[in-house]
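See structure below.
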Amino acid sequence: MTRTSHPTVAYEPADPIRSAVAVVTCHLDELGVGEHWVQTREQDGRPVIDRKIPPGLGWCRAVGLYPALWPATADLAVQVEWHPDHDIPATEQAEHWQTRLAAVTSGLESLGYTVRVPGPRRRPGVDRDQPLVVSRLAAGGSLAPCPVDGWEHLADGYPTYASFRDDPSYRLRHLIEDSCLTGYGFRTLDLHLWPPYATAAWVVMRTSSGRNDSADDWHSAMTRLRRVLRASGYGLLDHGRPWDPAVDHTPYLIAYLRDGTP
């Protein structure tokens, strides 16, 4: 993969999510597979901005990843979305995915990153992109092995239920309400980020934290939530570093089930 020279972006541990995205975006541009935007023309006196992508390569975009989902030994991690070139004929899409993903992975590894393909397998011609978890490990660190069958039960997408009462989200909502956990909410975690063998997974967050809340306020709120969820049989993934209201958007936990019922 041909590299081009771009200004160096320094990683700022004090602002890990945004900084990690900026650093990896710079490196994707250096590898020639980034999301370039250029002014190509004017229309009615206004600039028209287009994406400039070399044909046949596909393109990548780095987006923030919850630190709770970072590999245990990572000091930096992002999600990279690789988008195929949709002008490639359908009969050649499978080879396009294989060769280009290998090239992107090799390029990122040459810059010191580790690359993991998360979640259930994506299908060329059916799925619009392939997410990757791209991380930089601390010195001497290594990735824990991933079970090859950890997401086979999700090959057909999100689980479906006979009725809304069978949906684990329904039970989670009532657990939060019955535990008098006011000011908390949740959303379903993106499927490819579910822990292996999980049958449901959510980002559970404090939705009513005030502007003047301190890190101690956030810690207390999440300690209470953690206690309730653990006592009810949920698996949890934690933020992994002290909360900083000046940097973090909102306090959260990743909660998941592995058998469908807490």
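The values are calculated or read from the model by the stated rules, or taken from the named source; none is laboratory data. Bear in mind the structure is a predicted one, so any value in this text is a computation, not a measurement. Cβ atoms come from the backbone with ideal geometry, glycine included; neighbour counts cover every protein chain shown.
Odds and ends about this structure:
- Within the stretch 229-242, the presence of at least one residue that is buried (at least 21 other Cβ atoms within 10 Å of the Cβ), modelled with pLDDT of 95 or more and assigned by TED's automatic domain parsing to the domain that holds Asp178 is confirmed.
- In the set Val133, Val104, only one residue is touching a Pro at 6+ places or on another chain (Cβ under 9 Å) and of a type in the set (A, V, I, L, M); that residue is Val133.
- Residue in the stretch 57-68 that is basic (Lys, Arg), modelled with pLDDT of 85 or more and part of a strand (DSSP E or B) present: yes
- Of residues in the stretch 125-151 being among the hydrophobic types (A, V, I, L, M, F, W, C) and within 22 Å of Arg61 (Cβ to Cβ), the one surrounded by the fewest Cβ atoms within 10 Å (Cβ to Cβ): Val126
- Counted residues, the stretch 71-81 - those being under 22 Å from Val204 (Cβ atoms) and either hydroxyl-bearing (Ser, Thr, Tyr) or at pLDDT below 95 (or both): 2
- Cross-chain or 6+ apart pairs with Cβ under 8 Å, the stretch 1-18 first and surrounded by 10 or more Cβ atoms within 10 Å (Cβ to Cβ), then modelled with pLDDT of 70 or more and among the basic types (Lys, Arg): Pro16/Arg241
- Some residue of the stretch 204-218 being acidic (Asp, Glu) and within 20 Å of Ala72 (Cα to Cα): no
- From Val247, Val203, residue being touching a Ser or Thr at 6+ places or on another chain (Cβ under 9 Å) and surrounded by 12 or more Cβ atoms within 10 Å (Cβ to Cβ): Val203
- Filter pass, Thr99 being without any contact (Cβ under 8 Å) to a residue 24 or more places away in the chain, outside any strand (DSSP E or B) and within 30 Å of His27 (Cβ to Cβ): yes
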